[in-house]
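Take a look at the structure set out below.
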Amino acid sequence: MQSQITVTKLKKMKEKGEKIVALTAYDYPFAKIVDESGVHMILVGDSLAMVVQGESNTLPVTMDEMIYHTRIVSRVAKNAMVIGDMPFMSYQASKKEAIRNAGRFLKETHATAVKLEGGATVSKTIKAITKADIPVQAHIGLTPQSVHQMGGYRVQRDEERLMADALEVEEAGAFSVVLEGIPAEIAAKITQALTIPTIGIGAGPDCDGQILVVHDLLGLNEGHLPKFVKQYTHLAETARAAVKLYAEEVQSGKFPAPEHCY
Ligand code: KIV
């Protein structure tokens, strides 16, 4: 069995040109499947607000809810690095609050790192958290917590600003950066310019790694899917068919059969 992925191993993977595989997970069964499937990085994303809690954006999820889910995922993960996503308003108000909340992920959930959204505007916060020995993954480009400020989920195309954000979060001490919703060509240039690994989502094939939301990849999310999602299976359909069959068999008396009885 390989040992758990560290920030040093991720940096080496970039240097060797080995692609980093990242995926979200929020609970025991999926974290187990993801961890056992060779994924290097599990993000307990604030996307759980949408795919687990059924909210219309990521803003409502709380620190306590993120801590609850991250603790479950960390308990399962034996190989992958677990990253806790800092929810909206857990790091914006002050550096002190940001450090305390980031610290809760390591202390209370045993995650290895935290992620937070923003570039130059949060670089001082990233610096403060990393100075407290908490590894930080940055997240630039389309940042879902800024949905109202951006006026929707919009692909970000300002190359100069994106490059400046990327360089600034690296300088601030981030060990990795998620590039979301940016043209592939710009993501490739940023990946070349940085020494830390870039993890793309809707940012083309030249990032050092890729991440998706596990519910999207497995076809459990039947709502609107962004262009960058590839559904590798359709679990919602499979699950619905199984539950329908169960309902029919209970009503017809076919289940439970003698082999299910004591
Ligand atoms: O919350 C999340 O799941 C994310 C990833 C999709 C990058 O931020």
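The values are calculated or read from the model by the stated rules, or taken from the named source; none is laboratory data. Here the structure is a predicted model, which is why all the values come from computation and not from measurement. Cβ sites come from the backbone with ideal geometry, for glycine too, and all protein chains shown count toward neighbours. When the accessible area is computed, the model is the full protein with side chains, heavy atoms only, and any ligands, DNA or RNA have been set aside. Shrake-Rupley method; radii C 1.70, N 1.55, O 1.52, S 1.80 Å.
Could you list the trypsin sites (Lys or Arg not before Pro) in region 199-262 that lie in coil according to DSSP, counting only those with at most 11 other Cβ atoms within 10 Å of their Cβ? The qualifying sites are Lys227, Lys230, Lys254. The alpha carbon centroids of region 191-262 and region 109-156 are separated by 26 Å.
With the convex hull built on the Cα atoms of region 75-196, state its orientation-averaged projected area in nm².
On the way: hull surface 31.1 nm².
The number I arrive at for region 75-196 is 7.8 nm².
Checking every one of the chymotrypsin sites (Phe, Trp or Tyr not before Pro) in region 1-101 against DSSP loop status and a limit of 15 other Cβ atoms within 10 Å picks out no site at all.
A DSSP coil position with no more than 15 other Cβ atoms inside 10 Å describes the following GluC sites (Glu not before Pro) in region 150-231: Glu222. Carbon-plus-sulfur accessible fraction, the chain (probe radius 1.4 Å, protein heavy atoms only): 55%.
Model label points for Lys230 and Val243, set 7 angstrom from Cα along the Cα-to-Cβ axis, are 2.9 nm apart. Basic side chains Lys and Arg get +1 at the Cβ, acidic Asp and Glu get -1 at the Cβ, and with that the dipole of the chain about its Cα centre reaches some 620 debye.
Other residues within the sphere of radius under 15 Å centred on the Cβ of His69, judged by their own Cβ, net out at -3 (K and R +1, D and E -1).
Classify region 7-231 as rounded, prolate or oblate from the Cα gyration tensor: take a ≥ b ≥ c as the square roots of its eigenvalues, call it rounded if a/c is under 1.5, otherwise prolate when a/b beats b/c and oblate if not.
Numbers: a/c = 1.17, a/b = 1.09, b/c = 1.07.
Rounded.
If only the Cβ of Lys and Arg carry +1 and only the Cβ of Asp and Glu carry -1, the dipole of region 1-120 around its Cα centre is close to 620 debye. Taking Cβ atoms as reference points and 11 Å as the exclusive limit, the residues near Leu23 contribute a net charge of -2, counting Lys and Arg as +1 and Asp and Glu as -1.
How do Ser3, Ser146 stack up against each other in accessible area, from largest to smallest, with a 1.4 angstrom probe?
Values: Ser3 70, Ser146 35 Å².
Correct descending sequence by accessible area is Ser3, Ser146.
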